[in-house]
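K.L.:
The structure's right below; bear with me while I get my questions together.
The values are calculated or read from the model by the stated rules, or taken from the named source; none is laboratory data. Everything numeric here is computed off the predicted structure, so don't read it as measured data. Positions of Cβ are generated from backbone atoms using ideal geometry, with glycine treated the same way; all protein chains shown enter the neighbour counts.
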Amino acid sequence: MRIAITGSIGSGKSEAGKILKELGYTVIDTDALAHRTLTKDSDVYASIVNEYGNKAIGVDGNIDRRFLADLIFADPQEKKKVEGWMHPVIWRMVDEECEKHRQEDLVFVEVPLLFETGSQTRFDRSILILTTQKTAVARLMRHRKISQAEARRRWKSQMDPKLKARFADEVIRNDESTVELKLNLLKMIEKLKKNTSKGKHDGT
């Protein structure tokens with residue numbers, strides 16, 4: 001079963017992915033795959049540099065991720081353009097990674113913009129990690145070293161979490177400690193395992 005883990009920026013979906021890895025499950029991180037598309041030997045790199053010039057190149061010679069983040073969070077049209085280059089490559093990489101683990105009952109994929117891009121149809125189930133705006137903004141300020149105003153702007157640039165909750169198969173709150181998050185994930189896994197076992201028993 002291929003399961004998407006999603007959530008708004010600052011929701012803690014990466015923390016959920018980390019916990020799932022510690023529990024022994026395969027977790028494919030699309031952000032990590034996206035970073036691979038920004039190296040100087042990739043076609044995506046060439047498209048970005050052709051469009052934005054040397055200002056898009058970081059000190060390491062790869063695409064400057066900070067430049068890219070500032071660009072796409074500030075301008076929806078630029079965001080759409082960049083995603084048009086990156087997403088087809090990322091999904092091809094996701095399919096390749098999932099194929100490597102096809103014998104496993106549960107394979108998790110972290111997808112930040114799952115519902116925004118209509119990508120939920122690629123998965124058997126979708127899990128939304130949900131938190132409050134206040135908590136998300138505080139996490140962004142702490143982890144990404146950005147101002148409160150910038151953190152709020154980035155949070156508001158994404159789909160309303162309440163709307164995401166309507167699309168998701170499961171919703172897990174992440175307002176408290178990582179211990180609470182782990183307990184909620186364990187409950188979710190048990191539910192998924194029961195569904196997987198039932199499907200095998202029914203021959204589906």
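K.L.:
In the set THR37, THR6, THR30, THR26, which member is of a type in the set (Val, Ile, Thr) and touching a His at 6+ places or on another chain (Cβ under 6 Å)? Lay out the reasoning, then the answer.
P.N.:
Details: THR37 fails: touching a His at 6+ places or on another chain (Cβ under 6 Å); THR6 fails: touching a His at 6+ places or on another chain (Cβ under 6 Å); THR30 fails: touching a His at 6+ places or on another chain (Cβ under 6 Å).
Going through THR37, THR6, THR30, THR26 in turn, the sole match is THR26.
K.L.:
Applying the selection to segment 105-139, what residues are in contact with a Lys or Arg (Cβ under 6 Å, 6 or more places away or on another chain) and either surrounded by fewer than 20 Cβ atoms within 10 Å (Cβ to Cβ) or part of a loop (DSSP other than H, G, I, E, B) (or both)?
P.N.:
Of everything in segment 105-139, those that are in contact with a Lys or Arg (Cβ under 6 Å, 6 or more places away or on another chain) and either surrounded by fewer than 20 Cβ atoms within 10 Å (Cβ to Cβ) or part of a loop (DSSP other than H, G, I, E, B) (or both) turn out to be PHE115, PHE123, ASP124.
K.L.:
Does segment 153-161 include one or more residues that are of a type in the set (Ser, Thr, Tyr) and modelled with pLDDT under 90? Explain how you work it out, then say what you get.
P.N.:
To start, the set of residues in segment 153-161 that are of a type in the set (Ser, Thr, Tyr) comprises 157.
Filter once more, so that each one left must be modelled with pLDDT under 90: 157.
Yes, that holds for at least one residue.
A quick yes/no check of all residues on (1) assigned to a helix (DSSP H, G or I); (2) more than 15 Å from VAL89 (Cα to Cα); (3) under 12 Å from the mean Cα position of the chain (by Cα); (4) of a type in the set (Gly, Ala, Ser):
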{"site": "LYS21", "(1), (2), (3), (4)": "yes, yes, no, no"}
{"site": "GLY24", "(1), (2), (3), (4)": "no, yes, no, yes"}
{"site": "ILE28", "(1), (2), (3), (4)": "no, no, yes, no"}
{"site": "ASP31", "(1), (2), (3), (4)": "yes, no, yes, no"}
{"site": "ASN50", "(1), (2), (3), (4)": "yes, yes, no, no"}
{"site": "ASN54", "(1), (2), (3), (4)": "yes, yes, no, no"}
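K.L.:
Still on this structure: Looking at segment 77-104 only, could you name the residues that are part of a helix (DSSP H, G or I) and touching a residue at least 60 places away in the same chain (Cβ under 8 Å)?
P.N.:
So in segment 77-104, the residues part of a helix (DSSP H, G or I) come out as 77-100.
Residues satisfying the conditions are ILE90, MET93, VAL94, GLU97, CYS98.
K.L.:
Now for a different question. Somewhere in segment 70-87, is a residue among the acidic types (Asp, Glu), surrounded by fewer than 19 Cβ atoms within 10 Å (Cβ to Cβ) and over 21 Å from THR37 (Cβ atoms)?
P.N.:
The answer is no, given that none of the residues of segment 70-87 is among the acidic types (Asp, Glu), surrounded by fewer than 19 Cβ atoms within 10 Å (Cβ to Cβ) and over 21 Å from THR37 (Cβ atoms).
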